[in-house]
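Just below is one structure, and these are the notes that go with it.
Throughout, read-outs are computed from the coordinates displayed, never taken from laboratory work. Keep in mind the model is a prediction, meaning the values are calculated, not measured. Positions of Cβ are backbone-derived with ideal geometry, glycine not excepted, and every protein chain shown enters the neighbour counts.
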Amino acid sequence: MPTSTHVPVLLEETIEALSVQPGGRYIDCTLGGGGHAAAILERSSPGGQLLGIDADPEAIRAARKRLGAYRSSSLLVNRNFVDLQATCIKYDFFPVHGILFDLGLSSLQLNGDGRGFSFQHDAALDMRFNPEQEITAADIVNKYSEDDLDHLIRKYGEEGFSHWIARRIVKERPIETTLQLAQVVEQAIGRRRGRIHPATKTFQALRIAVNQELEHLEAALRQATELLGSEGRLVVISYHSLEDRIVKKFMQRESRDCICPPGVPACVCGHRARLRLVNKRVITPSRPEIKFNPRSRSAKLRVAARIFEPDGYHGSSGEPDMLYTTEAFGWRKPALLEKIRMVFLAA
Ligand SMILES: C[S@@+](CC[C@H](N)C(=O)[O-])C[C@H]1O[C@@H](n2cnc3c(N)ncnc32)[C@H](O)[C@@H]1O
């Protein structure tokens, strides 16, 4: 398997989950090497449009090359998906038929020189998706207190030996490179057991903290839901349990009419479902896919469709504000989004 190019995970399943249609509008919030984006553009032509977002400027460059044939139907933006709504408002790109999040790292980042994401190569402890972000992994490793490191490695790495690792890090610092850190973790908790390197969880924890991955995911899922047209699809591929838990909880909560705690005799929350679960069970890669692309082994795909309240999102006249209609989708421009847009433009 080539390691320099990123092989898109669950590709067919993703296209099906997004229900890609000719003429549709889609957002790929994690463009990476552009693998999923290329398939979306191919299946949505003629007339399809794609907004591709990635926090990493290198990913945007790689995707621009790969999607050269679709220059007129794609718009690629170097932004963090935590700014999803503002980005869509800026480019007037909503509502959409489908939004994809394929979380985590691309092979370009894992194998790239000097990014510090992997302990397979010696590099500075950086781990920022975007080099303009302020905090690097080296800042955390060398400046946090032992207690804070312990907490971070336990919380974001789900590492049971976080206490030993934090203590060793503090003893050995300054730690400047990936191999140095991997060695320190090995010294703290022992050598590799099975196929997983002992530093795997610590590296995951640092990457999540540097990029505020979990907070950004929660915020972006809420924004994505607002941007979908009726029956538009929200598709998320996650690679570890912390991400998957957030996605699962979000989709479950947003697909319920009432989220009052159990035991409350009558609903007081007034919550209304905005999503419908398309697949109750999570979708995972087949054995042949895992064999061909071992990086896909932990992937979990979840999909939900946007629903509207029958009396929701009408203009002040009471008539729905029609943006446009296709045969497959009867769309309304959500009044709430229009309000947000006006506030944004006025700011
Ligand atoms: C697994 S890769 C996506 C691969 C892509 N689907 C493909 O087929 O080539 C994940 C990408 O998401 C980007 N990413 C992760 N978190 C992000 C965020 N909060 N905002 C924008 N991009 C993000 C990473 O920089 C990386 O390029």
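Nearest 10 degrees is fine. How inclined is helix 178-189 to the longest principal axis of the chain, computing both from alpha carbons?
In the chain, helix 178-189 runs at an angle near 70 degrees to the longest axis.
Just rank 53, 89, 237, fewest to most, by other beta-carbon atoms within 10 angstrom.
Least to most surrounded, the residues fall as 89, 53, 237.
Evaluate the distance, in nm, between pseudo-label points positioned 7 Å from the Cα of residue 155 and of residue 65 along their respective Cα→Cβ axes.
The modelled label-to-label distance comes out at 3.9 nm.
Once the piece of chain linking residue 268 and residue 146 is laid out straight, how much longer is it, given 0.36 nm per residue of separation minus the C-alpha distance between them?
Using 0.36 nm per residue and subtracting the Cα-Cα distance, I get 39.6 nm.
Helix 241-254 against the longest principal axis of the chain: what's the angle in degrees, Cα atoms only, rounded to the nearest 10?
20 degrees
For the stretch 118-211, what is the charge dipole size about the Cα centre, in debye to the nearest 20, if Lys and Arg each add +1 at the Cβ and Asp and Glu each add -1 at the Cβ?
Approximately 500 debye in magnitude.
Enumerate lysine pairs in the chain that are 8 or more residues apart or on different chains, then count those whose Cα atoms are under 16 Å apart.
Close lysine pairs found across the chain: 9.
So, with +1 on the Cβ of K and R and -1 on the Cβ of D and E, and no other charges, what is the size of the charge dipole of the chain about its Cα centre, to the nearest 20 debye?
It comes to approximately 880 debye.
Measure nothing fancy, just the Cα-based angle from helix 162-172's long axis to the longest principal axis of the chain, in degrees from 0 to 90, nearest 10.
Tilt relative to the chain: about 60 degrees.
Suppose every K and R has +1 on its Cβ and every D and E has -1 on its Cβ; what is the size of the dipole of the stretch 1-62 about the Cα centre, in Debye to the nearest 20?
180 debye
Return, for the Cα atoms of the chain, the radius of gyration and Dmax in Å, separated by a comma.
Reported Rg and Dmax, both Å: 21.5, 69.
So if a site counts as exposed when it's one of the chymotrypsin sites (Phe, Trp or Tyr not before Pro), its DSSP state isn't H, G, I, E or B, and it has at most 15 other Cβ atoms within 10 Å, what's the longest stretch of the chain without one?
On the way: sites that count: 91, 324.
The longest such stretch corresponds to 92-323.
Report the one residue of 178, 199, 125 whose Cα lies farthest in the direction of the positive end of the charge dipole of the stretch 118-211 (charges on C-beta: Lys and Arg +1, Asp and Glu -1; origin at the Cα centre).
Most positive-ward Cα: 199.
Any chance you could check the Cα centroid distance between the stretch 194-213 and the stretch 42-61 for me, in angstrom?
Using only Cα atoms to place each centre, the spacing works out to 28 Å.
Okay, helix-only estimate at 222 nm for the chain: each DSSP H run of n ≥ 4 adds -39500 (n - 2.57), divide by all residues, round to 500 deg cm²/dmol; what do you get?
Here the helix-only value at 222 nm equals -12000 deg cm²/dmol.
Only Cα pairs within less than 10 Å get springs; with that Gaussian network setup on the chain, which residue of 199, 219, 266 has the largest fluctuation?
266
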